[in-house]
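Structure first, commentary second.
Read-outs throughout are calculated quantities, based only on the coordinates presented, and are distinct from any laboratory measurement. None of these values were measured; they are calculated from a predicted model. Heads up, the Cβs are rebuilt from the backbone with ideal geometry, glycines too, and the neighbour counts pull from every protein chain shown.
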Amino acid sequence: MLLLAVLVTVVYGGYVEAELGLVAPYAYAIGFGFVVCLLGSVLLHELGHALTARRYGIGVRGITLELLGGYTEMDRDAPSPRVDALVSLAGPAVSLVLGAAATAAAFALPDRTVAGEIAFQLAVSNVLVAIFNVLPGLPLDGGRALRAGLWALLKDRNRATEFAAWAGRGIALLTAMAVLTLYWLNLLTVFGLLFILLVVFTLWQGAGQSIRLARMTRRFPLVDLRTLARPLFAVPSGTPLAEAQRRAGAADRAGDALAVADAGGRLVA
């Protein structure tokens, strides 16, 4: 993320220097300010997910910010397809509102000014994020909404997740083909090509992780905890191992797992 932030700062600072005629230190300071504004946009997008999740009783453990997007970690899955869809679409809705506000600011501010240029770039970035994010494939928000719809239809969250994740891999491949075509037609710079290919790689990785998680979660009902559980024979902390084994044998519980308990009888190891 730091490397990407430096790259965007340098590229956008050079653009501001050429377009607005500012000297290098100020131009690159504006480039860094644009990076901060992007991170702020990502934070507000993720807060849309987080606050909607909390509205429906889902706890939020934290928010991870990246320049290409973010991730809101929740303490449990949505209880129903409806809640899953609402939480998923809250982020793109925030980005769309930010894009609309930045567009209004860009029209209101004078042309060829720093504030007007940043407002225009934020308008474009937020609108693009909102549109791209609602594409129907995991790990995009639109993929989560697609999963919610399939979940309601199939009554199986894991199958819905796997289907939406394969759709996400399809979107990643189509995006890669589109960006390579634009570059071949000289409609995209090398920087734009590398930036979008990085997004494509992130999409592919995220979709693959969703597929693996769905396949693993599907196996949970096959696990019989009774066959895996073993009874515990607890001894006080500080008991030598040989003495613990002797006590277990004397109690005819030599096959039990040994556990260590504190003075209050609570298991500690």
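A few remarks follow.
- Sparsely packed loop sites in the stretch 197-246 (the chymotrypsin sites (Phe, Trp or Tyr not before Pro) outside DSSP H, G, I, E and B with at most 16 other Cβ atoms within 10 Å) do not occur.
- Modelled label positions at ARG218 and ALA115, each set 7 Å beyond Cα in the direction of Cβ, lie 5.6 nm from each other.
- Extension gain, VAL190 to MET1: 0.36 nm times the residue separation minus the Cα-Cα distance gives 66.1 nm.
- Selection among LEU153, ILE131, GLY142 by position relative to the dipole of the stretch 109-161 gives LEU153 as farthest towards the positive end (Cβ unit charges, Cα centre).
- C-alpha long axis of helix 190-218 to longest principal axis of the chain, angle in °: 20
- Computed FRET value (nearest 0.05) for ARG55 with ALA104, which takes r as the C-beta separation and R₀ as 41 Å: 0.90
- Given +1 at the Cβ of Lys and Arg, -1 at the Cβ of Asp and Glu and no other charges, the dipole of the stretch 1-134 around its Cα centre is 380 debye to the nearest 20.
- Cβ-based charge dipole, the chain, positive-most Cα from LEU198, ALA250, PRO240: ALA250
- For VAL124 and THR64, a Förster radius of 35 Å and the Cβ-Cβ distance give a FRET efficiency of 0.90, rounded to the nearest 0.05.
- Gaussian network model of the chain, Cα within-10 Å springs - most flexible of ASN158, ASN126, ASN186: ASN186
- Helical mean residue ellipticity (222 nm; -39500 (n - 2.57) per DSSP H run of 4+; nearest 500) of the chain: -23500 deg cm²/dmol
- Residue-count net charge about VAL16 - beta-carbon cut-off 12 Å; Lys, Arg +1, Asp, Glu -1: -2
- Using R0 = 25 Å, the C-beta based FRET efficiency linking SER80 and LEU174 works out to 0.20.
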